[in-house]
Every structure is written in structure tokens, then in C-alpha cells.
1. May I ask you to compute the full-extension gain from residue 33 to residue 74, defined as 0.36 nm times their residue separation minus their alpha-carbon distance, rounded to one decimal in nm?
2. Could you tell me the number of lysine pairs in region 25-121 with C-alpha atoms less than 17 Å from each other, where the two lysines are 8 or more residues apart or belong to different chains?
3. Put a dot 7 Å past each Cα toward the Cβ at residue 53 and residue 65; how far apart are the dots in nm?
4. Could you give log10 I(q)/I(0) at q = 0.11, 0.17, 0.22 Å⁻¹ for region 25-121, computed by the Debye formula over C-alpha point scatterers of equal weight, without solvent?
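Read-outs: derived from the displayed coordinates by stated rules, not from any lab. A quick note: this is a predicted structure, and the numbers were derived from the prediction, not measured. A quick note on method: Cβ atoms are made from the backbone with ideal geometry, for glycine too, and the neighbour counts reach across all protein chains shown.
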Amino acid sequence: MRLSSSTFSLVAILIISLLLSRPYSSDGAVKCKEIAQRIKPCIDWMSIGYKSTGIVPKTCCNEIFRLNGMGVNREAELAICECFKSEMQDLNIDDKVSISISGRCGVLLPFPIVPNVNCSEI
Ligand SMILES: *[C@@H]1O[C@H](CO)[C@@H](O)[C@H](O)[C@H]1NC(C)=O
């Protein structure tokens, strides 16, 4: 089979745009698995890291900024909230430590970052 160069370019563009749009799924739904990976530096800091440094890792703050931009509607906010909540479960995270992240990063998320947050109240 011989592909014309324009067909080839089209396929390439399609693949590239698919790759670029990966962090946000094609239907716009927020995927917890991806968020979980991104907020890992935050989870690490609030579970152990804070004991050695009061400074939240820049990687964590950057992701909080990005997530804040993703929470464009209530559905997305809810998904992000649920994801934070599930990632924080069973880690003995101190509310005072986790809630301080948004202030330390200078970002106000629409929900408090605490393990027992009630996401349906946001
Ligand atoms: C969360 O908030 C909603 C709405 O206020 C309430 O109906 C629900 O019972 C709450 N869930 C928990 C686990 O507290």
C-alpha cells in the first residue's frame, strides 16, 4: 500500500494531537489515574516531606496550579476533589498540613485539601 504524503501528514497530525491531548481525555472527563500521578509530589510532601521542609515542592505547586485550571466546571472539580480524597486515604495525613498547601502555593482550590473533605459540598 502506498500512502500519499498528504494522507501521511494527516495521520501524523492526528497522532500528534491525540498525544498532546492525553492529560485531558478526549471526552473532557477528568481522569483520576493521571491526576494521582501529577499530585504525587503533594501527597509525598503532606505525608512525610513536611517534616523535613516547610517548603512545598515546586512540582507540587505547579500541578495544583494546573489542576485549578482544569476545574472548569463542577463535574471536573468534583472529580479532582474525589481524586485528592482517595489519594490521601490511609496515609495519616494531618489536616493542618494538607490544607496549608494551597496557601503555601498561593492557589485557592474550590475545595479544602483534607482527607475527609465532603466533595459533594463544593
Ligand atoms: C456530604 O454533603 C452532602 C450535601 O450537604 C450530604 O448530603 C452528605 O450526607 C454528606 N456526606 C458525608 C459523608 O458527610
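1. Full extension of this stretch gives 12.9 nm more.
2. Numbers: 31/40; 31/85; 33/85; 40/51; 40/58; 40/85; 51/96; 85/96.
Lysine pairs, 8 or more places apart or on different chains, close enough: 8.
3. About 1.7 nm, to one decimal.
4. -0.28, -0.67, -1.16
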